[in-house]
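First the structure, in the form of structure tokens, and then the observations on it.
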Ligand code: G3P
């Protein structure tokens, strides 16, 4: 399973990238706003750091305007994935981009039927939002399972990019179900290394080691 990091924070991307944890990056208008940076500048910088796909999202709502914005974003670098919302206009833009051979990430997916439409429109990635479904007491993981089954039934090549990942369980469950990619904030990716029994075990080892009076170096 591939790991994309869901941020426009250059330092956070660099730290994870150095560890080989970054197969791509996703951004959205909220993350660009949080970065305080110009979208074109920060996206170019990210594309220079990361080899894999870097999603940059259009902000227009009409297909023609999305297409113009998407082409401008795609001109930033070869590894741009143009991100469009899962609306009828977004699907129209997706089809145009796909026919031009461009990578498209269709975002804000909340139902299996939306995912089906995105695949038929030629999306490279579909982004189902797990956490936001959990927020309204709908099982986000069930959506990932449904999309996996539908895509496998018909050999769709669109990759399932599990998004709105908030917890380590979301990551493990996405991997178990067979999502192709997860995108998560840097803090969630780093939290995957933590386990209370690891901390407890390490503390016990350190206490016993101290009693030996030894050093290794
Ligand atoms: O990739 C989509 C993601 O940024 C949304 O996450 O936590 O705002 O629902 P969240």
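The values are calculated or read from the model by the stated rules, or taken from the named source; none is laboratory data. Small disclaimer: the values here were computed from a predicted structure and weren't measured. As a convention, Cβ positions derive from the backbone with ideal geometry for all residues, glycine included, and neighbour counts pool all protein chains shown.
Listed values, structure above:
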{"read-out": "Any hit, region 28-38, residues being under 19 Å from residue 107 (Cα atoms), away from the ligand (no atom under 13 Å from the Cβ) and at pLDDT 95 or above", "value": "no"}
{"read-out": "Selection count where residues are crowded, with 22+ Cβ neighbours inside 10 Å and farther than 16 Å from residue 105 by Cβ, scope region 145-170", "value": "1"}
{"read-out": "Positions within region 115-137 being free of Cβ contacts under 8 Å to residues at least 60 places away in the same chain and within 11 Å of the ligand (Cβ to nearest atom), in sequence order", "value": "128, 129, 130, 131, 132, 133, 134, 135"}
{"read-out": "Residue within region 58-74 that is within 16 Å of the ligand (Cβ to nearest atom) and either modelled with pLDDT under 95 or in contact with a strand residue (DSSP E or B) (Cβ under 7 Å, 6 or more places away or on another chain) (or both) present", "value": "yes"}
{"read-out": "Residues that are part of a loop (DSSP other than H, G, I, E, B) and under 17 Å from the mean Cα position of the chain (by Cα), drawn from region 17-45", "value": "20, 21, 22, 23, 27, 28"}
{"read-out": "Residues (more than 15 Å from residue 145 (Cβ to Cβ) and either in a helix (DSSP H, G or I) or more than 13 Å from the ligand (Cβ to nearest atom) (or both)) located in region 160-170", "value": "168"}
